[in-house]
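To start, the structure under review is shown below, and the notes come after it.
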Amino acid sequence: MDLLHKKFEPRPLTIKSFLHHTVKRYAQMPSLAFVGQTPITYSELGHQIDNLSTLLQSYGFVKGDKVALYAQNMPNWVIAYFAIVNQGMIVVPVLPDFTSEEIENVLIHSEAKGLFVSDKLYSKIIGIDFPNLELIIKVDDLSIIYRKTEAVENFQLKNINVDEDDLAAIIYTSGTTGCSKGVMLSHKNITFVAMQ
C-alpha cells in the first residue's frame, strides 16, 4: 500500500502528535507553497513551526492562551496555525470577510492575547482597542508589528504536553442571526475529522 494512503492513528489524538507523525514520516516530501513556488518539505515545515512556537513562548505565551489568526490563505497561515496549537495554545481563526465590528467582537469575546494579521487585512483593525492583545505579528513575513513587552533572549522551546481533550480552536460563525458565536473544538475533534 502506498504510504500516502496508509491509514494511521497517532496517539494521543492531538494535532501535535498528528503533526509530529507527519513531519517524521514524510520529512523530504513537499508540504506547502504558493502556486508556482517551490514547496518546502515537511521537515522544513516542522522547523518553521517550532521556530514560531519558540517566538510565541519567548513572549510569555503559555498553554491555554488564545491567539487569533486573521489572514487569507497562504503558507504562513498554516505555519501560524500549527505553531499555536502545537504548544497547547488555542487558535481563533477569523474570517477574512468579517467587518471591523465583527473582528472587534471576536477578539474581545475570545480574550485573544495575540494576533496574526496579513498586510491585506491590517487596515480593518487599525484604531480598534483590543485590551488583551500583547503581541501582533504580520503573517506575511512573520515580523512583529506590536509587542507589549520584550521577548526573553535566547529562549529555548519548551515541550508542552497537549491532551486530546484540550481546547485547540474557537471557530466563530458568520453571525447571520446576530453576533458571531464561538464553537469550541478539542484536539480530538479536529484530529478525528482530519483522519476520516
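Quick notes
- Note, ³J(HN,Hα) from phi for region 54-69, Karplus 6.51, -1.76, 1.60, rounded to Hz, x at Gly and Pro: 4, 4, 4, 5, 5, 9, x, 6, 10, 3, x, 5, 9, 10, 7, 10
- Potential lengthening of the chain between Lys181 and Asp119 amounts to 19.7 nm, from the contour at 0.36 nm per residue minus the alpha-carbon distance.
- Highest-first packing order for the peptide set 56-69, 159-172 is 56-69, 159-172, based on the mean count of other beta carbon atoms within 10 Å.
- Judged by the gyration tensor of its Cα atoms, with axes a ≥ b ≥ c, region 75-153 is rounded; a/c sits under the 1.5 cut.
- Computed about the Cα centre, the dipole magnitude for the chain is approximately 500 debye when only Lys and Arg (+1) and Asp and Glu (-1) carry charge, each at its Cβ.
- Whole-percent pair-distance distribution, where bins are 10 Å wide, for the alpha carbons of region 113-183: 14, 33, 38, 14, 1
- With 5 Å bins from 0: P(r) over region 8-70, alpha-carbon pairs, percent: 4, 15, 18, 21, 21, 15, 6, 0
- For the chain, the alpha-carbon coordinates run over 53, 43, 37 Å along the three principal axes, in decreasing order.
- In a reduced charge model with +1 at each Lys and Arg Cβ and -1 at each Asp and Glu Cβ, region 105-196 shows a dipole moment near 280 debye about its Cα centre.
- Each of Ser118, Leu142, Val152 was placed along the dipole of region 112-153 (beta-carbon charges, centred on the mean Cα), and the one lying farthest toward the positive end is Ser118.
- Stretching Ser143 away from Gln196 to a fully extended chain increases their span by 15.5 nm, per 0.36 nm per residue minus the current alpha-carbon distance.
- Taking Glu101, Glu153 and ordering them by how much accessible surface each has at a 1.4 Å probe, largest first, produces Glu153, Glu101.
The values are calculated or read from the model by the stated rules, or taken from the named source; none is laboratory data. As the structure is a computational prediction, the values presented were derived from the model and not from experiment. So basically every Cβ, Gly included, is an ideal-geometry build from the backbone, and we count neighbours across all protein chains shown. Surface areas here come from the heavy atoms of the whole protein model, side chains and all, with no ligands, DNA or RNA. Shrake-Rupley method; radii C 1.70, N 1.55, O 1.52, S 1.80 Å.
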